[in-house]
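Have a look at the structure below before the remarks.
The values are calculated or read from the model by the stated rules, or taken from the named source; none is laboratory data. These numbers were taken from a predicted model, which means no experiment stands behind them. Virtual Cβ from ideal backbone geometry, glycine too; neighbours counted across all protein chains shown. These accessible areas exclude ligands, DNA and RNA; they are computed on the full protein's heavy atoms, side chains included. Shrake-Rupley method; radii C 1.70, N 1.55, O 1.52, S 1.80 Å.
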Amino acid sequence: MSSDRLTPEEVGERLAAFLQRHHRARSVHIDDLSLLTGGASRQTWSFDAVIQHADGKTETLPLVARADPRKGPNVMSREAEYRVLDAAVAAGVMAPRVHAMGDDSLEVPFFLMERVEGETIARRILRDDDYAAARERMPAQLGTILAAIHAVPTDDLPLQRPEQGLSPAETEVSRFEQTYRMITPDPHPAFELALRWLKRRLPPPAESTLVHGDYRMGNFIVGPEGIRSVLDWELAHVGDPMEDLGWLCVRSWRFGNDDLPTAGVGTREALFQAYESARGCAIDPEAVRWWEAFGNLRWGIITIMQARAYLDGMSRSVELATIGRRTAETEWELLNLMEDTTYA
């Protein structure tokens, strides 16, 4: 039994019981419980918790439950994500505040965090008139927020780190090549060429920082004024900070706005300028280019992994099946990046 097999009524009852224990409250009532769409690795439940405390006072908390319906070798534990989020908020990063670590109430690991209102659907953020002003502000915000993420102390966080004796770039290429060799017998000549290209052009070893790991359009909560919060920290690790900048510029995260390489809202130059101003350091554009190429390879391998999860019967998600159709997009973009010396 796991949370993806529980009915919404059962999830609500168990969340109410957990919160009543956690707050030592007289009673807790769950309102407006809904399973949010999106998210390939975790379930996300949104709800309002109406808490009647022991002193008779009542408060309503807008919360989100992050649950783990299935496990994988690179999926962060709920305890680790909770601690990373807590550290990020303490360092001033725009991220949801954690509320409580869960127990076994939902029969899978989970934790609770605050619910931040706003839009996450890229199509709306990039095209609706309501977000026109936000789109103008976002390139600078993206660089400034990312600089804050990379300044979060990591010594006490349970994070994956580069392999001993290898740079972050070598570590990531090796990890994804091993995954690629393991998951598909099908030929992908563009991926083979990309692996050679990446290995021959490894960026020089850089400082190691907290890396968000999935910093992209779709993982930002946006209001009319701009970015309100950064979501989905389960891929955070210690590595090269340029990895996040490259991933943000992967073509798939532009959602059709291909002339604006930074998440479909701005230029690389605007992103770099905001980041450099906030961190007080210079960016090597060629290093970011390398990580952008790697990001396309990484996403291409992930699309195969997610399609295989559906085809092999490990998941019933049609979303995972359809993502498999996007492998060709990453192959095409890799060829463009490897051939294009102007890096447009």
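Some points to look at:
- Label-point gap, in nm, between Asp340 and Arg97 - each point 7 angstrom along Cα→Cβ: 4.3 nm
- Summing Lys and Arg as +1 and Asp and Glu as -1 over all other residues whose Cβ lies under 13 Å from the Cβ of Gly218 gives a net charge of 0.
- Helix 189-200 and the longest principal axis of the C-alpha atoms of the chain enclose an angle of approximately 80°.
- Solvent-accessible surface (1.4 angstrom probe) belonging to Asp55, in square angstrom, nearest 10: 100 Å²
- Between Ser77 and Gln52, the simple spin-label model (points 7 angstrom out along Cα→Cβ) gives 3.8 nm.
- Net charge over other residues, Cβ less than 15 angstrom from the Cβ of Ala147 (K, R count +1; D, E count -1): -4
- Area accessible to solvent at Leu235, 1.4 Å probe radius, in Å²: 60 Å²
- Orientation-averaged projected area, Cα convex hull of the chain (nm²): 18.0 nm²
- Theoretical ellipticity at 222 nm over the chain - DSSP helices of four or more residues, -39500 (n - 2.57) apiece, nearest 500: -13500 deg cm²/dmol
- Computed over the alpha-carbon atoms, the stretch 60-159 gives an Rg to Rh ratio of 1.02, Rh here being the Kirkwood radius from the mean inverse distance.
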